[in-house]
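Asks: Here's a structure for you.
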Amino acid sequence: QKEVEQDPGPLSVPEGAIVSLNCTYSNSAFQYFMWYRQYSRKGPELLMYTYSSGNKEDGRFTAQVDKSSKYISLFIRDSQPSDSATYLCAMSINNAGNMLTFGGGTRLMVKP
Amino acid sequence: DVKVTQSSRYLVKRTGEKVFLECVQDMDHENMFWYRQDPGLGLRLIYFSYDVKMKEKGDIPEGYSVSREKKERFSLILESASTNQTSMYLCASSLPDRGRVKAEAFFGQGTRLTVV
């Protein structure tokens with residue numbers, strides 16, 4: 001079993017839809033949870049960063065962490081074609097850029 | 001604007017060749033990393049370095065080595081390339097853990113290596 005599981009998709013939605021992306025994990029020591037967005041032929045870039053359980057909102061994006069269920073989610077409201085990308089969840093035990101454990105990524109396509 | 005630059009976007013090498021992938025960052029970051037990215041497997045850490053001349057093995061170091069002679073430069077070396085090393089290689093850098101200050105990893109745009 002992988003340490004972090006993520007549905008690879010692709011997930012295809014119409015423009016304006018609410019998108020839900022999810023990851024489950026097995027290591028209860030993870031404390032820091034991130035979502036990276038990766039456009040085609042580009043490196044990943046950090047989209048959301050949360051510590052421990054709870055919600056964090058940034059514009060159209062909301063990250064949720066439920067440590068009791070070992071489940072994290074990224075919601076995208078009013079999705080746009082420019083949101084089409086691969087979304088990677090990542091998590092770590094410490095607050096450093098090293099020792100990140102990544103999910104396999106979910107490919108999202110938002111159709112106009 | 002922060003930048004991590006990888007020397008090549010695309011490389012094609014023959015089996016058995018020695019391959020060098022170069023990465024340079026301009027943010028004065030202590031930490032640097034090499035990942036490979038394969039469909040469905042996400043990013044897997046090959047090696048990381050937390051200081052000049054220091055290195056630590058990641059999850060999949062076999063068949064790879066690294067060199068960090070200067071703080072801004074981190075090289076990945078494939079001693080004898082094999083077809084199963086065909087992949088996307090991503091370099092990243094970050095600050096070390098400093099308490100509650102977020103230590104974001106910044107990635108380069110990747111090198112797509114094909115070994116034939």
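Asks: Applying the Karplus parametrisation 6.51 cos²θ - 1.76 cosθ + 1.60 with θ = phi - 60° to the phi angles of the range B:26-35, what ³J(HN,Hα) value in whole Hz is obtained for each residue in order, glycine and proline being reported as x?
Replies: Whole-Hz 3J(HN,Hα) from phi for the range B:26-35: 10, 9, 6, 7, 6, 8, 9, 9, 10, 10.
Asks: Restricting things to Cα coordinates, could you compute the convex hull volume per residue of the range A:17-112 in Å³? All intermediate terms of the calculation are to be shown ahead of the outcome.
Replies: Working: hull volume 8.8 nm³, N = 96.
About 92 Å³ per residue, rounded to a whole number.
Asks: Aspartates and glutamates within cross-link reach of A:LYS56: Cα-Cα under 13 Å, excluding same-chain residues under 8 positions apart?
Replies: Within the straight-line limit of under 13 Å, A:LYS56 reaches these aspartates and glutamates: A:ASP66.
Asks: How would the range B:1-72 be classified by its alpha-carbon gyration tensor: rounded, prolate or oblate, with rounded meaning a/c under 1.5 and the a/b versus b/c comparison settling the rest?
Replies: rounded
Asks: May I ask you to derive the relative contact order of chain A, considering only C-alpha pairs under 8 Å and at least 6 residues apart, and to give it as an integer percent?
Replies: It rounds to 37 percent for chain A.
Asks: Nearest-5 percent of antiparallel DSSP beta bridges in chain A?
Replies: The antiparallel proportion sits near 90 percent.
Asks: Cα centroids of the range A:10-79 and the range B:9-54: how far apart, whole angstrom?
Replies: With the range A:10-79 and the range B:9-54 each reduced to a Cα centre, they are spaced 25 Å.
Asks: How long are the semi-axes of the equivalent ellipsoid of the protein assembly as shown, taking √(5λ) for every eigenvalue λ of the Cα gyration tensor, in whole Å from largest down?
Replies: 29, 21, 16
Asks: Quick one: Karplus J couplings for the range B:64-71, per residue in order, coefficients 6.51, -1.76, 1.60, θ = phi - 60°, nearest Hz, x for Gly and Pro?
Replies: Rounded to whole hertz, the list is 10, 9, 9, 9, 9, 8, 10, 4.
Every number here is computed from the coordinates shown, using simple stated rules; none is lab data. These numbers come from a predicted model, not from an experiment.
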